[in-house]
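Notes to accompany the following structure.
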Amino acid sequence: VSEDEADAILEGAVVKYENEPYTFSESQLQNIQAEQYRLIISIRVSLYDSSKNEYLWKEKNIQGKGDYYLESTQQQTYDDAKENVYTDLVDGILSSTLQDW
């Protein structure tokens, strides 16, 4: 629905995006290479109650994490890591909403 019709409005912004090497391996040529990466996305969100004209909660920092491998033969891909991040973020938002009930 539009903002005018909504009972509540979730406001937020991405405040950090990290995609960094997490584990390393050593090749036969004595080169150290990143084997696994960790994707971290942090958001700052607020939930506004339109009917009461007040915030239910404000500026909560929520973080999601997901690990993946560059090799396509490994189990966890970048897309899988993004799904894990999104799940963590949604769980954090739901927890923040329900914790006061």
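Where only DSSP H runs of four or more residues are counted, the chain gives -7000 deg cm²/dmol as its mean residue ellipticity at 222 nm, each run worth -39500 (n - 2.57). Take 85-93, 62-70 and order them by the average number of nearby Cβ atoms within 10 Å per residue, most first; the result is 62-70, 85-93.
When the alpha carbon gyration tensor of the chain is reduced to an equivalent ellipsoid, the three semi-axes, largest first, read 39, 12, 10 Å. Each residue of the stretch 62-70 is assigned a 3J(HN,Hα), and the resulting list reads 10, 10, x, 10, x, 9, 8, 10, 6 Hz, derived from the Karplus form 6.51 cos²θ - 1.76 cosθ + 1.60 (θ = phi - 60°), x at Gly and Pro. Couplings 3J(HN,Hα) of the stretch 56-61, computed from phi: 6, 7, 9, 6, 7, 8 Hz, in residue order, whole Hz [Karplus 6.51 cos²θ - 1.76 cosθ + 1.60, θ = phi - 60°; x for Gly and Pro]. Amide hydrogen proximity for A6: with H placed 1.01 Å from N in the peptide plane, no residue at 5 or more positions away or on another chain lies under 5 Å.
Computed 3J(HN,Hα) for the stretch 40-45, one whole-Hz value per residue from the Karplus formula 6.51 cos²θ - 1.76 cosθ + 1.60 where θ = phi - 60°, is 10, 10, 10, 10, 10, 10, glycine and proline marked x. Put a dot 7 Å past the Cα of Y55, heading toward its Cβ, do the same for T87, and the two dots end up 3.0 nm apart. For Y55, the amide hydrogen comes within under 5 Å of the amide hydrogens of D49, counting only partners 5 or more places away or on other chains and with H modelled in the peptide plane. Listed by chain and number, the aspartates and glutamates whose alpha-carbon sits under 15 Å from that of K60, ignoring those within fewer than 8 places in the same chain, are E11, D88, D91, D100.
Each value in this text was obtained by applying a stated rule to the coordinates, not by laboratory testing. All figures in this text were calculated on a predicted structure; none of them were measured in a lab. Backbone-built Cβ (ideal geometry, glycine too); neighbour counts: all protein chains shown.
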